[in-house]
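Below is one structure, written out as structure tokens; comments come after it.
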Amino acid sequence: MIQKHWHLITPIVSPFKNEGKLDINAYNKLISILLSKGISELLVGSLYGESHLMDNKEYENILRHSIDYAKRLDLIAFSPRATNLENILLDLRIGIDLGYKIAFIPIPLEFTKSDIHVYRYYDFISSKVDIDVVIFIHDPQLTINHNVLAELANENPQIIGVVASSYNINYLINLMWRLKHEVRSNFLLLSGLDEVFPLSLLLGFNGGLVLSAQVISNHYIKLLKYFKEQELDKFIKTINEILSFTRLYEEAYSRINIIKIALSTMYKWFKPIPKQPQPSEHSYLYSEVKHILCNLGYINETGN
């Protein structure tokens, strides 16, 4: 079972040679670099499409090489290739035989037609394999019903978490409150989008999957450090560094003003820092956040 703390999980890509074969040497180097930079949680397998270039032998090979690093990591999990139910079960058995304990399982499009399809899909899988399951909602446009997720979590102890890859702040807020209050306390709620990761921390999520941590590991490690230590000015500045570096800044602003929403959420004290009581308008922390947001140009002196 995953220990309860904030998670920075890096979904590692699988490099290929020019002739289309899996490059194991490059893959091992990539893992070694991430470990040297302080990354301690990895998700291996197929989240970003390259798995469809792998045959069964190559897929098993990438999982086998990755599990060798398990003793040097706080968490290692894998994801099956999301083609059809039969192949997903085959990949899950490969991972289990190699010693994996956690699987992030995406849902094929055919099972998203209704709430009952979603429920039956994850209920069936969790009954067929002996492994901890994290529901992975990989499509940003897909918002699975909160009731279905809560019911799955409460009725299937093997289902230990969910990854929500949505930009919809109302959906994320409602999902957080529903799962945090109606599901067992150790259930994981994770973000699946890099640019939503800082916001998810503010909303009370347990962390997330962060693809760009492969490139700017130090930035995300600092972000988590500042969040845990409640150094809000450094936390906010690191958000901007991350978005500027990854060229997500304009994209995020043009799409839904995600960072402005995150800062407004924190400023209005919907849930500033987990487990911290709501401060009054006369508190130091409240004044400090307001000062930071004014300096960054997100609000004016009147707080608008």
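The values are calculated or read from the model by the stated rules, or taken from the named source; none is laboratory data. Predicted model only: the values in this text are computed from it and were never measured. Methodologically, a virtual Cβ is constructed for each residue, glycine included, from the backbone with ideal geometry; neighbour enumeration extends over all protein chains shown.
Given the criteria in a helix (DSSP H, G or I), within 25 Å of N25 (Cβ to Cβ) and in the same structural domain as M176 (by TED's automatic domain parsing), does D97 qualify?
On the way: in a helix (DSSP H, G or I): yes; within 25 Å of N25 (Cβ to Cβ): yes; in the same structural domain as M176 (by TED's automatic domain parsing): yes.
Yes, satisfied.
So that you can scan it fast, the table gives a plain yes or no per residue for (1) at pLDDT 85 or above; (2) under 16 Å from the mean Cα position of the chain (by Cα):
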residue	(1), (2)
S185	no, no
L188	yes, yes
L203	no, yes
E229	yes, no
E251	no, no
I259	no, no
T265	no, no
Original post:
L243 passes all but one of (1) assigned by TED's automatic domain parsing to the domain that holds E110; (2) buried (at least 18 other Cβ atoms within 10 Å of the Cβ); which number fails?
Top reply: (1)
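Only one of these is under 17 Å from the mean Cα position of the chain (by Cα) and more than 15 Å from W6 (Cβ to Cβ): I169, I236. Name it.
Details: I236 fails: under 17 Å from the mean Cα position of the chain (by Cα).
Every option except I169 fails the conditions.
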Subject >> Identity of the residue in segment 75-119, closer than 22 Å to L190 by Cα and among the basic types (K, R), that ends up surrounded by the most Cβ atoms within 10 Å (Cβ to Cβ) >> reply: R81
Subject >> In segment 204-228, the residues that are more than 16 Å from P140 (Cβ to Cβ) and outside any helix (DSSP H, G or I) >> reply: G204, N206, G207, V215, I216
Original post:
Which condition number does S114 fail, the rest of (1) farther than 28 Å from K71 by Cα; (2) within 19 Å of the chain's Cα centre (by Cα) being met?
Top reply: (2)
